[in-house]
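K.L.:
Submitted below is the structure of interest, expressed as structure tokens.
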Amino acid sequence: MKKSTAIILAIVILVALYAWSGYNRLVSSNESVSNQWAQVETQYQRRFDLIPNLVSAVKGAMKQEQAVFDNIAEARTRYSGAATVEDKVKAASQVESALGRLLVVMEAYPQLKSIETVQTLMSQLEGTENRVSVERKRFNDVVQSYNLLVKRVPSSMLASIFGFKEKVYFEAAAGSEKAPQVNF
């Protein structure tokens, strides 16, 4: 009896250790996803801080494109009010679409490119867009690692027991592969 009790106790201890380490791995991976999303949001905040300055500089040179400026302001407001990662992804896509239309407008007005403030802001915005792209890729990489952990056996059993769910990837908005058009 003592030998079988020791074996059962050893099995219980091994299962408990596996559950403990598996849970900690899931928590760590979940936190990595949250941290990486925070990095994406940091770059979005940089973008959103630059956009009003760019819009102001461009507005000073042209008044007739008010609809483009209104779309940018509305998209920024939607992002600020978004509560979930999914809502923020949708709102960020709207900002990108509106920003794309602003860039098309700027292409149509070559005199804007010669304004030093616009040049500086555009350069900063391009750098920010690159940073956003890098952080989104990193986010998707971390989400992939987490989702694999949540889906693979045997960690999937622990994930379901402890309520860890699959995370959503950041995906481009439908239609984003088409360049925006602005008609004058």
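The values are calculated or read from the model by the stated rules, or taken from the named source; none is laboratory data. Remember, it's a predicted structure, so these values are computed and weren't measured experimentally. Note that we place each Cβ from the backbone using ideal geometry, even for glycine, and neighbour counts take in every protein chain shown.
K.L.:
Being of a type outside the set (A, V, I, L, M) and in contact (Cβ under 8 Å) with a residue 40 or more places away in the chain is the filter; apply it to region 46-57 and report the residue that is surrounded by the most Cβ atoms within 10 Å (Cβ to Cβ).
P.N.:
Filtering region 46-57 for residues of a type outside the set (A, V, I, L, M) gives 46-49, 52-53, 56.
Remaining after also requiring in contact (Cβ under 8 Å) with a residue 40 or more places away in the chain: 46-48, 53.
Numbers: ARG46: 16, ARG47: 22, PHE48: 18, ASN53: 15.
Here the answer is ARG47.
K.L.:
While we're on this one: Given (1) modelled with pLDDT under 85; (2) crowded, with 16+ Cβ neighbours inside 10 Å, identify the lone condition not met by PHE139.
P.N.:
(1)
K.L.:
Provide a single number: the residues in region 1-45 that are more than 13 Å from the chain's Cα centre (by Cα) and either within 16 Å of LYS167 (Cα to Cα) or crowded, with 17+ Cβ neighbours inside 10 Å (or both).
P.N.:
Number of matching residues: 9.
K.L.:
Another question about this same structure. Out of curiosity, is VAL104 surrounded by 19 or more Cβ atoms within 10 Å (Cβ to Cβ), in a helix (DSSP H, G or I) and either modelled with pLDDT under 80 or in contact with a Lys or Arg (Cβ under 7 Å, 6 or more places away or on another chain) (or both)?
P.N.:
no
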